[in-house]
1. In whole Hz, with x marking every Gly and Pro, tabulate ³J(HN,Hα) for the stretch 473-479 from phi via Karplus 6.51 cos²θ - 1.76 cosθ + 1.60, θ = phi - 60°.
2. What order do you get for 43-52, 332-341, 195-204 when each peptide is scored by the mean count of other beta carbon atoms within 10 Å, highest first?
3. Which order do Val438, Val375 fall in if you start with the one that has the fewest other Cβ atoms within 10 Å?
4. Under the rule of -39500 (n - 2.57) per DSSP H run of 4 or more residues, summed and divided by the residues of the chain, what mean residue ellipticity at 222 nm is obtained, to the nearest 500 deg cm²/dmol?
5. Grab the Cα-Cα distance for Ala329 and Ser263, subtract it from 0.36 nm times how many residues apart they are, and report the gain in nm with one decimal.
6. Nearest 0.05, what FRET efficiency do Glu301 and Ala433 give at R0 = 60 Å with Cβ-Cβ as r?
7. Take the cross-link list Lys146/Lys169; Lys146/Lys184; Lys161/Lys184 and give me the ones stretching past 27 Å between alpha-carbons.
8. For Asp23 and Arg249, what does the FRET efficiency come to when R0 = 30 Å and r is the distance between their Cβ atoms, rounded to the nearest 0.05?
Amino acid sequence: MTDLEDLIGERLMIGLPGATLDDADIRLFRDTRAAGLILYRRNFETPAQLLDLLGRLEGALGRRLLVATDHEGGRIVMLGRGVTIFPDNLAVGTAGEETFAYKQGLLEARELRRLGVDLNLGPCLDVLTDRYSPNIGIRSYGKDPKLVARYGVARLRGMTKGGLSACPKHFPGKGHSPLDAHLKLPTIMSDWDEMHAVHLVPFFEAIAAGVECVMTSHPVYPRLDPSGVPATFSRRIVDEYLRGEVGFRGVIVSDDLEMGAVSETCPIGEATVRAAAAGHDLLLVCHTEPAQRAAATALAEAYRSGRLPRAGLEAAAARVRALRQRRSARAEGGRPAPERDGAPLAMAMASRAVSELTPGRGAFTRALNGRVLVVFPRFSELAARITIEPEVCDETGWVRAAFAPAGVTPEPHIVGIEPSAAEIEEAAARAAAADATVLFLYDAHLYPSNRALLDAVQARARHLAVVLLRDPYDAALLAPGVLGITAFGWRRCQLDAVVARLAYP
C-alpha cells in the first residue's frame with residue numbers, strides 16, 4: 001500500500017523561491033513529497049538555467065515532477081525567453097480567425113515542451129460581460145460565450161497536438177467578478193440559469209473536447225451554493241456538479257491557495273483541507289515554504305483523523321499521477337527557441353485585432369506630416385513584477401523605431417506607469433506645441449494620475465490619438481474628436497500593429 005505521505009504529495013503543486021536550487025529547496029520537496037512544481041518569473045533567467053534547475057531538482061529527488069506554468073499569452077507570461085510572446089486573448093478573439101488560436105496552441109506547446117513544461121495553466125475561458133472585470137479583461141476571448149468556447153477549444157486542441165497538457169480556468173466562470181481574487185474575496189450573484197447560458201458554455205465545450213484538467217475559481221457564488229463558501233471550498237460546485245453532474249473525469253485543479261481571497265477566509269492549512277474536501281485533485285500552494293509545509297501537515301492530519309476519507313485521496317492521487325506520467329522525457333523537441341512561425345503569427349493576430357473605438361482619423365492623419373509627440377509609459381518600471389519584452393523596456397528606442405517606417409520622426413516623452421505631476425504638465429505643454437500627439441494610455445479608469453494625464457493632454461493637444469493599452473474602458477473618457485484606438489494589450493507585436501494602423505490607415 002502506498003504511504004499516506006506519498007499520496008498526499010502526489011496532490012501538491014508548490015513553487016520555488018528563486019532561480020537557483022539549494023538544500024532547503026530539496027528538503028522541502030522531500031518532506032512534503034510534492035509531485036508538482038509551478039514555475040514563475042522568479043525561477044527563470046535563461047532556458048539553459050531553467051533546464052538545469054529542473055534536472056538538478058529531479059536528480060536530487062530521484063523522481064519525475066509534474067511541471068506547470070501560467071502561459072496565457074499577452075500579459076500573463078512567466079517564461080519570457082525561448083517562446084513567442086503572443087497577444088492577449090481578447091486580441092485573438094477580436095482578430096476573428098479561429099485558426100490563429102489553434103496555431104498559437106500548437107506553437108506554444110512545442111516551445112514550452114522544449115523548456116521542460118508539462119502543463120500550461122490556461123487558457124482563460126472566462127466570459128466577459130458589460131461589468132468591469134478586474135484581473136480578467138483582456139485575458140478573456142470576449143463577451144460571446146460561443147466565441148470564447150470556439151477559440152478556447154481551438155487553442156486547447158493545438159496544445160494537445162503539440163504534446164502539452166492544458167488546464168482551462170476559472171470554473172465555473174468569473175469574467176464578471178467585481179473584485180480581483182488575488183487580493184480580495186469576490187461575490188458573484190449569478191444563478192444557475194445565467195451560468196449555464198453564458199459562463200459555463202466554454203467549459204462544457206472544453207470538457208467535451210477531452211481536456212485533461214480544469215482549474216476552479218475562488219469567488220463566492222451564493223446562488224449556486226447557498227452555504228456561501230468560496231467555490232474553492234464548495235463541494236456542491238466542485239464534486240457534486242463538475243465531477244458528478246457534468247461528468248468530468250480529469251484532474252480538478254485549485255487556484256493558488258495563497259491568494260488573498262482565500263487567506264482572508266481561513267489559514268492555509270485549513271484552506272488546503274477544505275479544497276481537498278470539496279473535490280480538488282491537485283492543490284496549488286505556490287509561493288512560500290511555511291504555507292507549503294502547513295498545507296502538507298494539515299492534509300496528513302485530516303486523513304489520519306478520518307476527517308478526509310482515504311478512498312478519495314487514492315482516487316485523486318491516481319488522477320494526478322496519470323497526468324504526470326503522460327510523458328517521460330523532461331524536455332523534448334530540441335534546443336529551446338521560439339518557433340519560426342511564431343512572430344509572424346503573433347503579428348497577424350495583433351494586426352487583425354487593432355480597433356478604432358472613437359472617430360477622429362482624418363485630421364489626425366494629416367497632422368502626422370508635421371511635428372509629432374509620442375507620450376509613452378515607462379514599462380521598464382514593471383519589469384521586476386511582470387514579463388516586459390526587452391525592446392519595450394527601451395521605451396525611447398522603441399518609439400523611434402516603431403514610427404520610422406512611416407517616415408515619422410517622433411519626439412518621445414516617457415512618463416511613469418503612474419505619471420507624476422511634473423510629467424503630466426510637461427506632456428501637456430509639449431502636446432500644445434506639437435501638430436499631432438499620440439498618447440499611449442495605461443488604464444485611466446483605474447489610476448487617477450493617468451486620468452489626469454489624459455485630461456491634461458486632450459485639453460491642449462491640437463490633434464490627438466489615444467492608444468488604449470489594456471482594457472478598452474478608457475474610450476468613455478475621450479473628448480469629442482479624439483481618435484481612440486486599441487490592440488487590446490501592449491505586447492510588442494500589439495504596439496507595432498497600432499502604430500502601423502495609425503500611420504497607414
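The numbers here are math on the coordinates, done by the rules we state, and not lab data. Everything numeric in this text was worked out from a predicted model, so none of it was measured. Cβ coordinates were reconstructed from backbone atoms using ideal geometry, including for glycine residues, and neighbour counts include every protein chain displayed.
1. 5, 5, 4, 5, 9, 7, 6
2. 195-204, 43-52, 332-341
3. Numbers: Val438 28, Val375 32.
Ranked by crowding around the Cβ, least crowded first: Val438, Val375.
4. After summing the helix terms and dividing by residue count, I get -12000 deg cm²/dmol.
5. Difference between extended and current length: 20.1 nm.
6. Calculated transfer efficiency: 0.30.
7. Lys146/Lys184; Lys161/Lys184
8. Efficiency at R0 = 30 Å is approximately 0.15.
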